[in-house]
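Some notes on the structure that comes next.
The values are calculated or read from the model by the stated rules, or taken from the named source; none is laboratory data. Note that the structure is predicted; figures quoted are calculated from it, not measured. So basically every Cβ, Gly included, is an ideal-geometry build from the backbone, and we count neighbours across all protein chains shown.
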Number of protein chains: 2
Amino acid sequence: MRSITNEKFEKLLKFMQDEKIDVLMIADNESSKNVNLQYLSGHPMDALFIVTSSGENALIPWDVPLAQKEAQVDEIIDPINYKYNYIQAVKEYLEKHLNKSKVVMAVTDNFPYSGVIRYEESIPNISFYREIPKISQFISDLRSTKSHKEIEILRKAAQIGTETIQDIKHFLKNAVDESENDLAFYVHKKMADKGAEDLAFPTLVGNANRAHMIHCHPWASSQKLAVPGLGLIDFGAKYKGYHSDITVPFSFGELNETQQKMHELTFKAYQAAIDMLEIGVPLWKVNQAAIDVIKAGGFDMPHSLGHGLGLTVHDSPFISRKPSSEYALKYWKEVKLEEGMVFTIEPGIYKEGFGGQRLENDVAIVNGKVEILTKSEFIQI
Amino acid sequence: MRSITNEKFEKLLKFMQDEKIDVLMIADNESSKNVNLQYLSGHPMDALFIVTSSGENALIPWDVPLAQKEAQVDEIIDPINYKYNYIQAVKEYLEKHLNKSKVVMAVTDNFPYSGVIRYEESIPNISFYREIPKISQFISDLRSTKSHKEIEILRKAAQIGTETIQDIKHFLKNAVDESENDLAFYVHKKMADKGAEDLAFPTLVGNANRAHMIHCHPWASSQKLAVPGLGLIDFGAKYKGYHSDITVPFSFGELNETQQKMHELTFKAYQAAIDMLEIGVPLWKVNQAAIDVIKAGGFDMPHSLGHGLGLTVHDSPFISRKPSSEYALKYWKEVKLEEGMVFTIEPGIYKEGFGGQRLENDVAIVNGKVEILTKSEFIQI
């Protein structure tokens, strides 16, 4: 079943007509992933999806039986009928369904230049739409607000994560010589047992010696977990293609004054951000609210406050600073909070020698209200 | 440290000069991976690498400290000096190092069309080399034979896998109610403990009910492992960016006549392929040798015999059938066995109701001799 609603699908067709795009093609394969495939067709991976500006559409999948189960399209074209020459299959589809002397095709962000050249050589009447950021942004904007069906799936991904927090608490309470790696594997197994189809991303475990790095290299190590100070685990579940993302801050032993302050400011910044959430508020102001709290306490936040969740773990919208440089402003536009947005709120403070502290929950805006999907907490051992 | 040898680096420059390419650019980021970055610069990920046809080169990395540790380049350019406008950094580099009125830039296979458009708009004197399959193939061919240094790393990746076979044997002997997932997690943990930086690919575990599918969906399931018949586990380690790939066939209970035949033919086909390995032999003939054994026994092999191993788990060369269609022949060329090639040999036979059988080892051609890097075996419980 495709994720896009019929109403949004019509908006996409309208966009194509306005931009004089005859056909949009989405390609997903091992070396170039594109979740718009699942969004627009329901089929999870390894296929070409084409849709004309009048809405006719077809899927050319590598795995036809999977497509018959998952795809919601007008037509499934078996590539074996074209001896796996996908371009020929597209060519014949366009001849049959468009029959125009000139065809404008659009592709999205990471469609390879090598592919464009091969299409141009094989289909003489084709030309490619050049405003790729515009159409990519348009689809990304469609995806940035979720339908009730999508939110149902995101709630389940979040629930798997929240239930795993209790497992983490159990693990931390009993940790003696266990390593960061041991916790990462434990969490992976626990989420798989609860129905996660995969990790949302590699689990990051930083003990107090490593947690001052925003993104530890490696994500988890053979270092002992139970060392005094502030640590954190950042993890999430993938479920039916959708993602959750949670950071649980923890500590071993007594906190000194600096550590206590880092902990309290993080939670205060989190609450300040949550309190800002209201339909219509510009997202950079939510980011600023958290920064203001942290700066007032004498610390900095070296990253953005949050990001959207959906078919990727970094969907639109992004909750980040309004850029200062002219170059960056050119590609920036103000985004305001809308019904259906699902995103993380994750303020953090890091200081070498003291550790790191980040609190992260997933939040949805449903029927105008703030719904906090996950239940992270501070685990003090 | 870059993987490419100085001798091969000179060949690449010669190729660029012959093709009138002024500069080659390799881009790797989260949404478009390109292992040629590590091959040519030593830097593992998230960077732009540029090299001119006279060999001058620079890296623009997201993580500058990591580049200072890993990269082997003339110059590291910190993108913060360009406010993360990578295109501007490239533009100024080209002005300084080429100073030509027209610059021809080459990119490889999955460089996005959207990037090409942005470069064209920002650097008026740039044009893009269109024979992308040619340069991608050229670099892929360079990578298809490994240096002694690369083979050392591949041996270690293989060794991690081989040692894990003993863990698998232990697990299978003690398996009662354990699931396919349980074995997959066990193998992941065991390889991490032995120094693997990651799985080479998601571990595939098929019990006798599922192993007749070449690539099971999902890769491993909650089904019980110990069911009578032929099963298999296909797994590998990633080590310093290089990959191993092993399939261990196993069985639970007595084999019937068909299963016994499937097992014996698989091992006979494997040996027939190994016996063919000799410098200069066309690889499609090695593939054919295995198929001939399996066909003579009344079965089919529904996949290719093997693939190269290196910075990807599907490197050149490919040990597969000579294509029959005219379209496919256009993109095919005969590849012969060469010194330094490292690849899998993995014949298999599959039959619903009986299970699946595949034997896979990694093989290197070193000093003209066949070196079998892994030690897969049939585990009969």
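Overview of values
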| read-out | value |
| --- | --- |
| Test: residue A:23 is closer than 25 Å to residue B:136 by Cα, more than 24 Å from the chain's Cα centre (by Cα) and buried (at least 20 other Cβ atoms within 10 Å of the Cβ) | no |
| Count of the range B:94-125 residues which are over 20 Å from residue B:36 (Cβ atoms) and out of contact with any strand residue (DSSP E or B) (no Cβ under 8 Å at 6 or more places or on another chain) | 10 |
| Residues being touching a strand residue (DSSP E or B) at 6+ places or on another chain (Cβ under 7 Å) and either among the polar types (S, T, N, Q) or within 14 Å of chain A (Cβ to nearest Cβ) (or both) - total across the range B:144-153 | 1 |
| Among the candidates A:114, A:127, residue that is farther than 17 Å from residue A:13 by Cβ, within 13 Å of chain B (Cβ to nearest Cβ) and in a strand (DSSP E or B) | A:127 |
| Condition met for residue A:14 (over 25 Å from residue B:326 (Cβ atoms) and either at pLDDT 95 or above or more than 14 Å from every other protein chain (Cβ to nearest Cβ) (or both)) | yes |
| Of all residues in the range B:51-83 being surrounded by fewer than 16 Cβ atoms within 10 Å (Cβ to Cβ) and either among the β-branched types (Val, Ile, Thr) or over 24 Å from residue B:8 (Cβ atoms) (or both), the one that is farthest from the other protein chains (Cβ to nearest Cβ) | B:78 |
| Residue in the range A:104-111 that is part of a helix (DSSP H, G or I), touching a helix residue (DSSP H, G or I) at 6+ places or on another chain (Cβ under 6 Å), closer than 24 Å to residue A:125 by Cβ and within 10 Å of chain B (Cβ to nearest Cβ) present | no |
| Residue in the range A:178-195 that is within 11 Å of chain B (Cβ to nearest Cβ) and part of a loop (DSSP other than H, G, I, E, B) present | yes |
| Residue in the range B:27-50 that is nearest to the chain's Cα centre (by Cα), counting only those that are in a helix (DSSP H, G or I) and within 14 Å of chain A (Cβ to nearest Cβ) | B:36 |
| Matching residues in the range B:88-103 - criterion: being surrounded by fewer than 18 Cβ atoms within 10 Å (Cβ to Cβ), within 14 Å of chain A (Cβ to nearest Cβ) and of a type outside the set (Asp, Glu) | B:88 |
| Strands (runs of 3 or more DSSP E) wholly inside the range B:293-362 that include at least 3 residues being closer than 19 Å to residue B:157 by Cβ and either in contact with a helix residue (DSSP H, G or I) (Cβ under 7 Å, 6 or more places away or on another chain) or small (Gly, Ala, Ser) (or both) | B:315-319 |
| Given (1) under 28 Å from residue B:120 (Cα atoms); (2) among the acidic types (Asp, Glu); (3) within 14 Å of another protein chain (Cβ to nearest Cβ), number of the condition residue A:141 does not satisfy | (3) |
| Filter result (within 14 Å of another protein chain (Cβ to nearest Cβ), surrounded by fewer than 24 Cβ atoms within 10 Å (Cβ to Cβ) and within 24 Å of residue B:197 (Cα to Cα)) within the range A:213-255 | A:213, A:214, A:215, A:216, A:217, A:218, A:219, A:221, A:222, A:223, A:238 |
